[in-house]
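> Quick one: structure below, then a few questions.
The values are calculated or read from the model by the stated rules, or taken from the named source; none is laboratory data. Computed from a predicted structure; not experimentally measured. Heads up, the Cβs are rebuilt from the backbone with ideal geometry, glycines too, and the neighbour counts pull from every protein chain shown. Side chains are part of the model used for accessible areas, which takes the heavy atoms of the whole protein and leaves out ligands, DNA and RNA. Shrake-Rupley method; radii C 1.70, N 1.55, O 1.52, S 1.80 Å.
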Amino acid sequence: MEKIIIKLHKRSYPVVISDKLFNHFSSLWSLHAGDKVVLITNDRVAPIYLNILCNLLTHAGIVTDQLILPDGEQNKTLITLNKIFTKLLTQNYDRSTILIALGGGVIGDITGFAAATYQRGIRFIQVPTTLLAQVDASIGGKTGVNHVLGKNMIGAFHQPNAVIINLDVLSTLTVKEFSSGLAEIIKYAVALDSDFFNWLESNLENLLILNISSLMYCIRRCCELKASIVSIDEYDQGIRSSLNLGHTYGHAIESYLNYKKWSHGEAVAAGIMIATNTALRLKQLNYSAAERIKQLLIRAGLPIHGPKEMTPNNYLRYMTRDKKSISGQLNLVLPVSIGCVKTISNVNHKLVSLSIEDTYS
Ligand code: NAD
Ligand code: GLY
């Protein structure tokens with residue numbers, strides 16, 4: 001078992017990584033006998049894992065209730081959020097209630113936002129069940145929902161009290177869902193850690209066959225990288241923006257497609273490739289580094305360009321509304337070498353359009 005602490009003074013919390021966590025309960029969960037929890041999950045994850053987790057908590061003396069939401073990014077909405085509030089209010093749940101998010105990043109983000117806002121804030125625990133949520137979404141306290149006009153546009157910062165990562169659950173993901181997680185993993189390596197990038201180049205196939213020691217190393221490294229960033233820039237005012245590599249383009253893809261067909265990770269992968277091309281055109285990155293990024297994305301089974309039907313103008317419409325854009329000015333996180341990114345302000349729209357077109361050549 002591995003434990004990483006997200007250091008945020010009074011709001012510090014553990015990220016616990018193990019392949020046996022659903023077999024035993026421990027104090028690391030930040031729960032005690034008599035606590036009242038509501039498990040929030042979806043109709044895909046519930047039939048596989050809800051009873052296992054419910055039984056574990058009930059045996060530990062925790063009073064456990066549950067709510068099953070509809071699956072899918074297209075349901076990461078205010079309407080679904082309201083289902084959580086209705087459940088909590090109709091059953092008179094008070095401020096001592098603890099929510100547990102059992103699922104991928106969608107369930108984690110929506111449950112976290114419910115916890116941030118129900119009666120002005122209650123506790124919650126992340127039990128991430130996708131690779132993407134284990135390495136990224138469950139950590140750092142970004143919570144929220146989508147709007148038809150933009151991805152993650154309504155939300156709050158609200159840190160969980162613990163993140164409980166169980167590697168066993170990754171075996172029930174599809175190949176597409178597993179690859180989505182690899183997109184955020186490649187993002188960490190390109191943005192922050194060239195040694196980790198080298199490690200991924202040598203070990204990608206071990207991850208794809210779910211080799212436990214490779215997964216453990218990889219997930220721990222991503223959690224350490226996220227911990228180091230979040231503990232110095234919790235509210236995304238500076239260095240945390242490096243974690244958004246590829247996201248301004250990726251969010252445009254997701255919004256354009258109404259949060260259907262493409263997963264978040266796939267959109268981020270195409271976004272990393274467009275960011276790479278943008279950096280190439282701006283002469284901020286050399287060709288061999290760009291080629292290494294492209295090859296790693298391909299080996300991970302990820303797309304290296306966006307949906308064919310999407311024009312550069314379709315991207316720009318959403319990108320200028322991005323949280324990093326100011327008055328339509330594009331401020332983009334771009335790779336300048338493997339392991340290092342820079343935010344470039346006021347990037348020319350025509351250059352971005354050409355970089356999008358470059359992904360097809
Ligand atoms: P997801 O939550 O939609 O999960 C993908 C699919 O896998 C879903 O159908 C889900 O039900 C299913 N699933 C989950 N666990 C499973 C398991 N163990 N076995 C079988 N099926 C399982 O998507 P995701 O990729 O986990 O997360 C993407 C979301 O995370 C996006 O909304 C994105 O914006 C958000 N995100 C948030 C942050 C953050 O810092 N808060 C960071 C990155 C991404
Ligand atoms: N996933 C980006 C962040 O947490 O800041």
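> With the Cα gyration tensor of region 121-170 giving a ≥ b ≥ c as the square roots of its eigenvalues, does the rule (a/c under 1.5 for rounded; else a/b larger than b/c for prolate; else oblate) give rounded, prolate or oblate? Show your work: numbers first, answer last.
Details: a/c = 3.01, a/b = 1.45, b/c = 2.08.
Note, shape of region 121-170 comes out oblate.
> Using Cα pairs closer than 8 Å and at least 6 residues apart in sequence, work out the relative contact order for region 211-361, in percent.
On the way: 192 pairs, mean separation 37.1, N = 151.
Relative contact order for region 211-361 comes out at 25 percent.
> If you don't mind, there's one more thing I want to ask. Indicate, rounded to the nearest 5 percent, the antiparallel portion of the DSSP beta bridges found entirely in the chain.
Details: 16 of 39 bridges.
Roughly 40 percent of the DSSP beta bridges within the chain come out antiparallel.
> Which FRET efficiency value, to the nearest 0.05, do you get for Ile239 and Leu208 by plugging their Cβ-Cβ distance into 1/(1 + (r/R0)^6) with R0 = 41 Å? List each step's numbers first, then the result.
Details: r = 31 Å, r/R0 = 0.75.
For R0 = 41 Å, the calculated efficiency reads 0.85.
> If you put +1 on each Lys and Arg Cβ and -1 on each Asp and Glu Cβ, how big is the dipole of the chain around its Cα centre, in Debye rounded to 20? List each step's numbers first, then the result.
Values: 35 positive and 28 negative charges, 160 e Å.
That gives the chain a dipole magnitude of about 780 debye.
> Percent relative contact order of region 1-79, based on C-alpha pairs within less than 8 angstrom and at least six residues apart?
Details: 87 pairs, mean separation 22.1, N = 79.
Relative contact order comes out at 28 percent.
> What is the sum of charges, Lys and Arg at +1 and Asp and Glu at -1, for the other residues whose Cβ falls under 12 Å from the Cβ of Arg299?
Values: positive: Arg292, Lys294; negative: Glu201, Glu205.
For residues surrounding Arg299, the net value is 0.
> Next question, about the same structure. Anyone know which of Gly140, Gly265, Gly238 comes out most mobile in the 10 Å Cα GNM of the chain?
Evaluated over the chain, the most mobile residue of the options is Gly238.
> In debye, nearest 20: dipole of region 1-128 around its Cα centre with unit charges on the Cβ of K, R (+) and D, E (-)?
Numbers: 13 positive and 9 negative charges, 94 e Å.
It comes to approximately 460 debye.
> Too long at a 26 Å Cα-Cα cut-off: which of Lys226/Lys261; Lys226/Lys350; Lys87/Lys226; Lys3/Lys142? Working shown, then result.
Numbers: Lys226/Lys261 28 Å; Lys226/Lys350 33 Å; Lys87/Lys226 33 Å; Lys3/Lys142 21 Å.
Result: Lys226/Lys261; Lys226/Lys350; Lys87/Lys226 exceed 26 Å.
> Specify whether the C-alpha gyration tensor of region 1-124 places it in the rounded, prolate or oblate class, a ≥ b ≥ c being the square roots of the eigenvalues: rounded for a/c under 1.5, otherwise prolate if a/b is larger than b/c and oblate if not. Please report the intermediate quantities before stating the final value.
Values: a/c = 1.36, a/b = 1.26, b/c = 1.08.
Note, shape of region 1-124 comes out rounded.
> Using a 1.4 Å probe, what is the accessible area per residue for the chain, in Å²? Present the calculation step by step, with values, prior to reporting the outcome.
Details: 14530 Å² over 361 residues.
Dividing the accessible area of the chain by its residue count gives 40 Å².
> In percent, what relative contact order does the chain have, based on Cα pairs under 8 Å that are 6 or more apart in sequence? Walk me through the numbers before you get to the answer.
Numbers: 704 pairs, mean separation 56.1, N = 361.
The normalised contact order for the chain reaches 16 percent.
> Taking 0.36 nm per residue of sequence separation and subtracting the Cα-Cα distance, how much length would be gained by fully extending the chain between Lys10 and Asn198, in nm to one decimal?
That pair, Lys10 and Asn198, stretches by 64.1 nm at full extension.
> Please say if region 154-274 is rounded, prolate or oblate, where rounded means a/c under 1.5 for a ≥ b ≥ c the square roots of the C-alpha gyration tensor eigenvalues, and otherwise the choice is prolate for a/b larger than b/c and oblate otherwise? Could you put the intermediate results ahead of the total?
Values: a/c = 1.38, a/b = 1.13, b/c = 1.23.
Note, shape of region 154-274 comes out rounded.
> OK, next. Using only Cα atoms, what Kirkwood radius does region 251-361 have, in angstroms? Write out the running numbers ahead of the final one.
On the way: mean 1/r = 0.0712 Å⁻¹.
Roughly 14.0 Å, rounded to one decimal.
> Right, here's the next one. Viscosity 1.306 mPa s, temperature 10 °C: what is the translational diffusion coefficient of the chain from Stokes-Einstein with a Kirkwood Rh over Cα pairs, rounded to a whole number of µm²/s?
Working: Rh = 20.5 Å.
In µm²/s, the coefficient is 77.
> OK, next. Using helices alone, what [θ] at 222 nm do you get for the chain, with -39,500 (n - 2.57) per DSSP H run of 4 or more residues, divided over all residues and rounded to the nearest 500?
Value at 222 nm, helices only, nearest 500: -13000 deg cm²/dmol.
> To the nearest Å, what is the center-to-center distance of region 176-203 and region 124-166, using C-alpha atoms only?
Centre-to-centre (Cα) distance: 19 Å.
> So how much accessible area does Lys83 have, in Å² to the nearest 10, using a 1.4 Å probe?
100
> Please report the net charge: other residues with Cβ closer than 11 Å to the Cβ of Ser96, K and R +1, D and E -1. Display every interim value, and only then the final one.
Values: positive: Lys36, Arg95, Arg123; negative: Asp35, Asp94.
Here the charged neighbours net out to +1.
> Taking the DSSP beta bridges in region 30-134 as the whole, what percent of them are antiparallel, to the nearest 5?
0
> For the chain, give the percent of accessible area contributed by carbon and sulfur heavy atoms, probe 1.4 Å, rounded to a whole number.
Numbers: 7700 of 14530 Å².
Solvent-exposed carbon and sulfur of the chain make up 53 percent of the total.
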